[in-house]
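S.K.: Sharing a structure below in structure tokens format, with a few things to ask.
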Amino acid sequence: MGFPEYRPRRLRRSGKLRGLIQENDLSARHLVYPLFVKEGAGGRTPIPSMPGVCQLTIDTALSEIDEAAGLSVPAVLLFGIPDRKDERGSGAYDENGIIQKAVREIKKRFGDDVVVITDLCLCEYTSHGHCGPIKDGDVDNDETLKLLAMAGCAQAAAGADIVAPSDMMDGRVKAVRAALDASGFSQVPIMSYAAKYASAFYGPFRDAAESTPQFSDRRGYQMDPPNQREALREMELDVEEGADIIMVKPAILYLDVLALARQRINRPLAAYCVSGEYTMVQCAAAQGFLDYRRSVVELTMGIKRAGADIIITYFAKDLARWMKEAPL
Ligand code: PBG
């Protein structure tokens, strides 16, 4: 039956009617709020390329988490900005590294009321800004695995609820899983940045995390944007190596990869709406070119519709606030 007997517009005539047949919902329970934490106290340093996002210190991070938790955001993803960097990124696995200290404080204050996810990578901690130590001008994959394993254990020992390797070295999930298991952390899940593309859209994040590579770029380890089948292979490998949650990143630029993963990968899926995706909307909305709230809801709904369970987003607090007013 077609037109004129069938008219799809009949079910779009009012908000309540549209609500009845809405296929996807956004709920705060799936949101993860990323935070940048540095040494010191009282810090709220605005990041010019990410309007509305600040580098925090542990005390201000605690207030930020308090606010987010009050809005029902259940989880945070932590990035550390150390005071000192070195060739081997030792701040990442030092027991008193910034993230380890932050996790201990957050868990002490919030316990199980906040899920603390720690980004597991060396790039914020290395003097050269790459995701592992350099040998012959290239990141030394196998040496990096040892350091990541140490960093994962340090984060778990501090109380991290989930560790999230984001380096894209081969074999890192297996190495981190083995180290966690051997150190008594077999209950700590791994959320792997499995399909992580070498994206221009991480630019603002690198300002925030002070992690821009000092030479060359990350195309030797992160994925090539034109490839989709390769993403599936990366995700399958990480599942085999023991990843509990699989991530696609960036999110809105790679919805095809997310939708494919939803069909083919039998694990919870996370999508990371990255800094550049955030900043595009912020800048356009600040100019009055886009309606901020409608744009943010629509793009987040796109991520949900494509198949994400977990949505990592700098918009988390705004989304949660709007959800309190009315269901999304
Ligand atoms: C660390 C890491 C990056 C992001 C998350 N973890 C940067 C990178 O790989 O250069 C990007 C997040 C964002 O852009 O919001 N390896």
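The values are calculated or read from the model by the stated rules, or taken from the named source; none is laboratory data. Everything quoted here is computed from the prediction, not taken from an experiment. Please note: Cβ atoms are built from the backbone with ideal geometry, for glycine as well, and neighbour counts cover all protein chains shown. Side chains included, ligands, DNA and RNA excluded: accessible areas come from the protein's heavy atoms. Shrake-Rupley method; radii C 1.70, N 1.55, O 1.52, S 1.80 Å.
S.K.: Condition check: in contact (Cβ under 8 Å) with a residue 24 or more places away in the chain, touching a Pro at 6+ places or on another chain (Cβ under 6 Å) and open to solvent by less than 60 Å² (accessible area, probe 1.4 Å). Does residue 27 satisfy that?
M.R.: no
S.K.: Something else now. Enumerate the strands (runs of 3 or more DSSP E) found wholly within segment 36-83, keeping only those where 2 or more residues are aliphatic (A, V, I, L, M).
M.R.: Those strands (runs of 3 or more DSSP E) span 75-81.
S.K.: What is the residue count in segment 91-134 for residues that are open to solvent by 40 Å² or more (accessible area, probe 1.4 Å) and either part of a loop (DSSP other than H, G, I, E, B) or free of Cβ contacts under 8 Å to residues at least 24 places away in the same chain (or both)?
M.R.: Total meeting the criteria: 7.
S.K.: Here's something else I'd like to know. For the structure I just gave you, tell me whether residue 70 is free of Cβ contacts under 8 Å to residues at least 60 places away in the same chain, on the phi > 0 side of the Ramachandran plot and surrounded by fewer than 21 Cβ atoms within 10 Å (Cβ to Cβ).
M.R.: So residue 70 fails the test.
S.K.: Another one. Of all the residues that make up segment 239-291, how many are within 12 Å of the ligand (Cβ to nearest atom) and acidic (Asp, Glu)?
M.R.: Going through segment 239-291 one residue at a time, the tally reaches 1.
S.K.: Going by the conditions given, is residue 160 open to solvent by less than 30 Å² (accessible area, probe 1.4 Å), of a type in the set (A, V, I, L, M) and not in a strand (DSSP E or B)?
M.R.: Criteria met by residue 160.
S.K.: Name the one entry in 164, 194, 209, 198 that is more than 12 Å from the ligand (Cβ to nearest atom) and touching a residue at least 24 places away in the same chain (Cβ under 8 Å).
M.R.: After applying the criteria, what remains is 194.
S.K.: I've got another one for you. Yes or no: segment 42-59 includes at least one residue that is free of Cβ contacts under 8 Å to residues at least 24 places away in the same chain, more than 16 Å from the ligand (Cβ to nearest atom) and touching a Gly at 6+ places or on another chain (Cβ under 6 Å).
M.R.: Yes, the conditions are met somewhere in segment 42-59.
S.K.: Does residue 139 satisfy the condition of being within 16 Å of the ligand (Cβ to nearest atom), open to solvent by 10 Å² or more (accessible area, probe 1.4 Å), more than 28 Å from residue 41 (Cβ to Cβ) and of a type in the set (A, V, I, L, M)?
M.R.: yes
S.K.: Here's something else I'd like to know. Scan segment 256-274 and give yes if some residue there is in a helix (DSSP H, G or I), under 14 Å from the mean Cα position of the chain (by Cα) and buried (at least 22 other Cβ atoms within 10 Å of the Cβ), otherwise no.
M.R.: Scanning segment 256-274 turns up no residue that is in a helix (DSSP H, G or I), under 14 Å from the mean Cα position of the chain (by Cα) and buried (at least 22 other Cβ atoms within 10 Å of the Cβ).
S.K.: Moving to a separate point now. In segment 163-179, how many are out of contact with any Asp or Glu (no Cβ under 6 Å at 6 or more places or on another chain), farther than 22 Å from residue 202 by Cα and open to solvent by 10 Å² or more (accessible area, probe 1.4 Å)?
M.R.: The number of residues fulfilling the criteria is 5.
S.K.: Among the residues of segment 275-292 satisfying the criterion of being over 19 Å from the mean Cα position of the chain (by Cα), surrounded by 15 or more Cβ atoms within 10 Å (Cβ to Cβ) and not hydroxyl-bearing (Ser, Thr, Tyr), which is nearest to residue 119 (Cα to Cα)?
M.R.: Looking at residues that are over 19 Å from the mean Cα position of the chain (by Cα), surrounded by 15 or more Cβ atoms within 10 Å (Cβ to Cβ) and not hydroxyl-bearing (Ser, Thr, Tyr), I get 285.
S.K.: On to the next question. Being open to solvent by 70 Å² or more (accessible area, probe 1.4 Å) and farther than 25 Å from residue 203 by Cβ is the filter here; which residues of segment 215-232 pass it?
M.R.: Residue satisfying the conditions is 229 alone.
S.K.: Can I ask one more? Condition test on residue 247, is it assigned to a strand (DSSP E or B) and either crowded, with 19+ Cβ neighbours inside 10 Å or in contact (Cβ under 8 Å) with a residue 24 or more places away in the chain (or both)?
M.R.: Taking the combined requirement at face value, the residue satisfies it.
S.K.: All but one of (1) within 20 Å of residue 37 (Cβ to Cβ); (2) more than 15 Å from the ligand (Cβ to nearest atom); (3) surrounded by 24 or more Cβ atoms within 10 Å (Cβ to Cβ) hold for residue 235, so report the exception by its number.
M.R.: (1)
S.K.: Considering only residues that are among the basic types (Lys, Arg) and assigned to a loop (DSSP other than H, G, I, E, B), which ones fall in segment 185-208?
M.R.: none
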